[in-house]
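The values are calculated or read from the model by the stated rules, or taken from the named source; none is laboratory data. Because the structure is a prediction, the values reported are computed rather than measured. Please note: Cβ atoms are built from the backbone with ideal geometry, for glycine as well, and neighbour counts cover all protein chains shown. What goes into the accessible areas is simple: the full protein's heavy atoms, side chains included, and nothing from ligands, DNA or RNA. Shrake-Rupley method; radii C 1.70, N 1.55, O 1.52, S 1.80 Å.
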Amino acid sequence: MKNKKLVAVMTVAGLLATTASVGAQSLFEKVSGILNHEVSVVVNGEKTSIVPVYIDGKAYLPLRDAAAGLGYEVSYDAGKNEIAITGNAEEEEVEYMTGTGVIADIAEMEDGRFRIEFLGHGSNRWVILYADEETTIVDEAGKAVSAADLKEGTQIVVEYGPVMALSFPGQSHAAKITVGAERLVKEDVIQSVERTDDGWQVKFGETKDGQAATTLTLNAGKETAVMTAQGESVEWEDLKAGTKVRAYYGPIMTKSLPPQSPLFYLVVLGDEESAPGKMTPEAAQEYRDLAWAQVAEQAAQITTKPEEAIVSIVSAKDSGVLATTEEQKQLLADIQAANGNLVTVTYQTEQDELLGPLTVAFDFETKAFVGFYARR
């Protein structure tokens, strides 16, 4: 279907351009032509009744008949002396990626878009989505919702893509967001976690006068998901008192003391920044800031926005980094000898077709600048 639409647009545009050239010498010009009934006009493999007119050796088609055959409508505005062509050809269905989860973070960007950190289930469990004027945002009843009204903890169903940047995490455009309940958010350490007949019970509390007191009890069932901040599954048996977590729960709570509420998502927090192969969004942004300082002199050729540069963790062993100073060469050698990792920040530039993208490399452990990747 997509090819049909493109051909239709190009064909109609060609017809208009040719028609305009006939009358270019004056406002009106009389021309003569020959109707050639021996030539068939075929649209998408189907023969039509359209008869071409040959003028000075060139074939012309009746605009209204040709447009109708290509799936378009033609209208004439006598007041403006304008011919309008309205496209109604079928478009190819886009296969979007989908997910159900919560908004872990949201921020409005300088260009008016909204950067949404999504965490949940679906095609990807952790992804950065960008919502703009082309994003459809509605509640479960179909009523329009403003992106400015979205909040951390809001439960959403998302459709995004079809293209995704292979960054850490992946980044994509949000096509549609369906807004659900606004969950309450609590970030604290677990006081206790116990198995129950229906699932698990997580308690939070505080210590007063040397005595531990429970201030909130969250009840988890089959619908509760436990994961890291990168969307990786965590077993209930691995949770223990003292584990730092972020809980998405409610909004319904009992009036008991302590209050109780259903738990929907439990995100296990920790020293993710230093864990092999993992990085927090804050750490990724810190690397973007460090990289931008290194490429400032080349900023005029860079087409990637600073906050959208792709951040990845790669093995230093087979990297294409070109270290220049002796200190950088020694640092790279040490990282490779220890089978360590590098963090790369990649920018698209106006010279990509000739040289390839611009990639900056840092030591994963120390954030020290190692060098640039070789460009073609």
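The set of residues in the range 139-188 being open to solvent by 40 Å² or more (accessible area, probe 1.4 Å), free of Cβ contacts under 8 Å to residues at least 60 places away in the same chain and closer than 17 Å to Val267 by Cβ consists of Lys151, Glu152, Asp188. Candidates are the residues of the range 200-213 that are open to solvent by 10 Å² or more (accessible area, probe 1.4 Å) and in contact with a Leu (Cβ under 9 Å, 6 or more places away or on another chain); the one that is modelled with the lowest pLDDT is Gly205. Scan the range 123-142 residue by residue and report those that are in contact with a Gly (Cβ under 7 Å, 6 or more places away or on another chain) and polar (S, T, N, Q). Hits for the range 123-142 are Ser123, Asn124.
Per this entry, Thr196 is not counted among residues that are free of Cβ contacts under 8 Å to residues at least 12 places away in the same chain and among the β-branched types (Val, Ile, Thr).
Selection of the range 25-76 for residues being part of a strand (DSSP E or B), surrounded by 10 or more Cβ atoms within 10 Å (Cβ to Cβ), at pLDDT 75 or above and among the charged types (D, E, K, R) yields only Glu73. In the range 223-251, the residue that is least open to solvent (accessible area, probe 1.4 Å) out of those that are of a type in the set (Ser, Thr, Tyr) and either within 16 Å of Pro262 (Cα to Cα) or assigned to a loop (DSSP other than H, G, I, E, B) (or both) is Tyr248.
When Ala247, Ala175, Ala229 are checked against the criterion of being within 34 Å of the chain's Cα centre (by Cα), within 19 Å of Ile156 (Cα to Cα), modelled with pLDDT under 90 and of a type in the set (A, V, I, L, M, F, W, C), a single residue qualifies: Ala229. Of all residue pairs spaced 6 or more apart or on separate chains, those with beta-carbon atoms under 8 Å, a first member in the range 118-138 that is free of Cβ contacts under 8 Å to residues at least 24 places away in the same chain and a second member that is outside any strand (DSSP E or B) are Glu133/Gly112.
One line per residue, one yes/no per condition, for (1) modelled with pLDDT of 85 or more; (2) closer than 30 Å to Val345 by Cβ:
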residue	(1), (2)
Glu93	no, no
Asp105	yes, yes
Glu110	yes, yes
Glu117	yes, yes
Glu140	yes, no
Ala148	yes, yes
Glu152	yes, yes
Tyr160	yes, yes
